[in-house]
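K.L.:
Take a look at the following structure, please.
What follows draws every value from the coordinates through simple rules; no lab data is involved. All figures in this text were calculated on a predicted structure; none of them were measured in a lab. Heads up, the Cβs are rebuilt from the backbone with ideal geometry, glycines too, and the neighbour counts pull from every protein chain shown.
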2 protein chains.
Amino acid sequence: MSQATMTGVINGVDVDRMGATIRAVQENTSLGTFQFRAKNRWIGGGHNRSTIQSFYGAGQEDTARKKPFVLDSDEPPVLLGKDHGANPYEYVLHALAAGLTTSLVYHAAARGIHIESVESTLEGDLDLQGFLGLSDQVRPGYKEIRARFAIKADAPAEELKKLTLLSPVYDIVSNPVPVSIQIDKR
Amino acid sequence: MSQATMTGVINGVDVDRMGATIRAVQENTSLGTFQFRAKNRWIGGGHNRSTIQSFYGAGQEDTARKKPFVLDSDEPPVLLGKDHGANPYEYVLHALAAGLTTSLVYHAAARGIHIESVESTLEGDLDLQGFLGLSDQVRPGYKEIRARFAIKADAPAEELKKLTLLSPVYDIVSNPVPVSIQIDKR
């Protein structure tokens, strides 16, 4: 991110604080180390619930959140659930939409690009044969995700697109992330 | 998934309907084609909101949901937001926790494995230098995600782990998914 030389608030982002954050991480790279967390509990069938509260970042445990965010996931009836919440694959699309948008807005603020509105629609194609193990030619996850944005801003579409591509969630979805799983029997 | 020969409900999953679903997709693979969707709107700063309602699957538009799921995402104060919701990277962890759990529960049901409880804690390591563009040695997304499960069930830990690994979200996060982004100026 090019260092913010503007002052004040652009796109709802405090660019003074952003500049200070960038300088602080440049001077002490360990301040850039974050650990995010989610705790999840199975409720029954396709229904489970995450609580999200604490995280580590900027050199310390963050205790600003007084209560957790509570997120329910379930499957719709056609996938044998009771629709108590969006399903896990829909949450991936939300995470990606949110991440692309935030990256766009923050990086635009750092460059002095003013954004008036951002709307997006994401679609993901998933073939159930993969999850069901009916074909080893079909992956379990999304074959492809398409994101289409409508943006009002004082910069060309190509430049805005580059800002979305800097998103951590874009990196997570479009590139491999090592995931380790440990199971303890109770 | 090995075809369910049990009847009734296991782990809250109707294994009769599961067996019928598997047979239907085997006979007509196009019934396995699903398209999930999210619409997102930027509100200001790090705050944006997704609505999730319609999807295509099992050969038709699904209209069972009478209202959308509404999901808010924001950044915490240390990341220049106002904490109106979990942030995009935390939503990734929730999607993964939910997906691993659902895969475990459904595939266990198909095998007649009874599950009593599932709890998980996920941690993801992210270095802000990547997003800020301060180092091209640091990726923007998670370096690593660790999922730790505590499970009560009548099967060994190694077998339970294999069932989590069949999750579409595990595939999405640990392998590359092609993401296309189109920007239309308004």
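K.L.:
Could you work out, residue by residue across A:51-61, how many beta carbons of other chains sit within 10 Å of that residue's beta carbon, and then give the average as an integer?
P.N.:
Numbers: counts 2, 9, 2, 0, 10, 2, 5, 4, 1, 1, 0.
Neighbouring Cβ atoms belonging to other protein chains average 3 per residue here.
K.L.:
For q values of 0.10, 0.19, 0.22 Å⁻¹, compute log₁₀ I(q)/I(0) with the Debye formula on a Cα-only model of the range B:61-186, without solvent.
P.N.:
Values, matching the q order: -0.47, -1.21, -1.31.
K.L.:
Just to confirm the numbers: B:ALA157, label point 7 angstrom along the Cα-Cβ line, distances to the other copies in nm, shortest first?
P.N.:
5.3
K.L.:
Let me ask something else about it. Modelling each spin label as a point 7 Å along the Cα-to-Cβ direction, I'd like the A:SER30/B:SER117 distance in nm, to one decimal.
P.N.:
The two pseudo-label positions are separated by 3.7 nm.
K.L.:
Right, next: Do the alpha carbons of any pairs in A:LYS82/A:LYS152; A:LYS162/B:LYS39; A:LYS82/B:LYS185; A:LYS82/B:LYS152; A:LYS161/B:LYS39; A:LYS39/B:LYS152 sit beyond 28 Å of each other, and which pairs?
P.N.:
The answer is A:LYS82/A:LYS152; A:LYS82/B:LYS185.
K.L.:
Run through the other copies and list how far each one's label point is from that of A:PRO178, in nm with one decimal, shortest first; the point sits 7 Å from Cα along Cα-Cβ.
P.N.:
In nanometres, ordered from closest: 2.9.
K.L.:
Ok, one more. If you take every residue apart from B:ARG49 with its C-beta less than 11 Å away from the C-beta of B:ARG49, what net charge results, scoring Lys and Arg +1 and Asp and Glu -1?
P.N.:
After counting each charged neighbour, the total is -1.
K.L.:
Sticking with this one: Kyte-Doolittle mean at least 0.0 and Cα extent at least 15 Å along the axis: which DSSP H helices of chain A qualify?
P.N.:
Membrane-span-like by this rule: A:88-111.
K.L.:
Go ahead and set up a Gaussian network model of chain A, Cα springs under 10 Å, then flag whichever of A:LEU31, A:LEU93, A:LEU160 fluctuates most.
P.N.:
Comparing A:LEU31, A:LEU93, A:LEU160 in a Gaussian network model of chain A, the most mobile one is A:LEU31.
K.L.:
In the range A:1-104, which trypsin sites (Lys or Arg not before Pro) are in a loop and have at most 15 other Cβ atoms within 10 Å, using DSSP for the loop call?
P.N.:
Loop-located and lightly packed - A:ARG65, A:LYS66, A:LYS82.
K.L.:
In addition: Evaluate peptide A:80-87: per residue, the Cβ atoms of other protein chains within 10 Å of its Cβ; return the mean as an integer.
P.N.:
Working: counts 11, 4, 1, 4, 1, 4, 14, 11.
If you average over the peptide's residues, the count of other-chain Cβ atoms is 6.
K.L.:
Under the rule a/c < 1.5 gives rounded, and otherwise a/b versus b/c splits prolate from oblate, where does the range B:1-127 land using the Cα gyration tensor?
P.N.:
Oblate, because a/c is 1.5 or more while a/b does not exceed b/c.
K.L.:
Next question, about the same structure. What number comes out for the charge environment of B:GLY12, summing +1 per Lys or Arg and -1 per Asp or Glu over other residues with Cβ under 13 Å away?
P.N.:
With Lys, Arg at +1 and Asp, Glu at -1, the net is -2.
K.L.:
Now for a different question. Quick one: if you stick a label point 7 Å off each Cα along the C-beta vector at B:TYR56 and B:ARG148, how many nm between them?
P.N.:
4.3
K.L.:
Which distances in nm, rounded to one decimal and ordered from shortest, link the label point of B:GLN26 to the equivalent label points in the other identical copies, with labels set 7 Å from Cα toward Cβ?
P.N.:
6.3
K.L.:
Now for a different question. Other chains near A:154-163: what is the mean number of their Cβ atoms within 10 Å of each residue's Cβ?
P.N.:
2
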